[in-house]
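Below: the structure, in structure tokens.
The values are calculated or read from the model by the stated rules, or taken from the named source; none is laboratory data. This is a predicted model, so every value here is computed, not measured. Cβ atoms come from the backbone with ideal geometry, glycine included; neighbour counts cover every protein chain shown.
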Amino acid sequence: MQVELDVQDYFFESFPEVAQASGYVDTITAATWEDWFGRWLEILESDLPPAPSYEICLRLTDDTEMQAINAQYRQQDKPTDVLSFAALEVDLPQNPELTAEPLYLGDIVVSINTAQRQANQQEHSLSTELAWLTAHGLLHLLGWDHPDEESLIAMLKQQVILLQAIGINININS
């Protein structure tokens, strides 16, 4: 599965000293992100509209920017861990001539500050938490949601499958 990934690392670009001091530098390379998204999209192929390739934007940021985005789009004036902005909110026409370009799936925004706090609470690495949050965001881009406990459990189980595909084992029962 081919994916074009635009990784915007606002956190590292804006706070290189903080990033280095926290051990964040080179946590996950752009090539690793592309590999992970490619594997995840193969697993989620049944959730995807047909296209020759897919495009996703991943923005890694800090709590300040995340709070501003969360306030603007969700009217919640506080930081959060991950936000997704799906491009495929409506049914697309099934015209093969329209699929010559990569199909844009949407944007995923992750707060490194919140991810680090959650990684510490869960006693796993920042890389594991970033993979977890990004997989969650990807599922939202593809129409998954968790309005009730049953949906949340199904989504969390799918996240575990996605992480296992990239060699990360996580227990959602703890």
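Out of (1) surrounded by fewer than 20 Cβ atoms within 10 Å (Cβ to Cβ); (2) modelled with pLDDT under 95; (3) not in a loop (DSSP other than H, G, I, E, B), what's the single condition that is false for LEU92?
In the conditions (1) surrounded by fewer than 20 Cβ atoms within 10 Å (Cβ to Cβ); (2) modelled with pLDDT under 95; (3) not in a loop (DSSP other than H, G, I, E, B), LEU92 misses (3) alone.
Got a number for residues in the stretch 133-166 being surrounded by 19 or more Cβ atoms within 10 Å (Cβ to Cβ) and among the small types (Gly, Ala, Ser)?
2
Looking at this structure, is LEU41 in a helix (DSSP H, G or I), at pLDDT below 95 and more than 24 Å from GLU13 (Cβ to Cβ)?
no
Restricting to the stretch 45-89, what's the tally of residues that are among the hydrophobic types (A, V, I, L, M, F, W, C) and either free of Cβ contacts under 8 Å to residues at least 12 places away in the same chain or part of a helix (DSSP H, G or I) (or both)?
Residues meeting the conditions: 4.
Each row is one residue, and each column tells you yes or no for (1) among the hydrophobic types (A, V, I, L, M, F, W, C); (2) surrounded by fewer than 18 Cβ atoms within 10 Å (Cβ to Cβ); (3) modelled with pLDDT of 95 or more.
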{"residue": "ALA51", "(1), (2), (3)": "yes, no, no"}
{"residue": "TYR54", "(1), (2), (3)": "no, no, no"}
{"residue": "GLN72", "(1), (2), (3)": "no, yes, yes"}
{"residue": "SER84", "(1), (2), (3)": "no, no, yes"}
{"residue": "GLU97", "(1), (2), (3)": "no, yes, no"}
{"residue": "ARG117", "(1), (2), (3)": "no, yes, no"}
{"residue": "SER125", "(1), (2), (3)": "no, yes, no"}
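Where residues in the stretch 127-150 are among the hydroxyl-bearing types (Ser, Thr, Tyr) and at pLDDT below 95, which of them is farthest from LEU44 (Cα to Cα)?
SER127
Take the stretch 117-147 and flag every residue that is part of a helix (DSSP H, G or I) and polar (S, T, N, Q).
GLN118, ASN120, GLN121, GLN122, SER127, THR128, THR134 - these are the residues of the stretch 117-147 that are part of a helix (DSSP H, G or I) and polar (S, T, N, Q).
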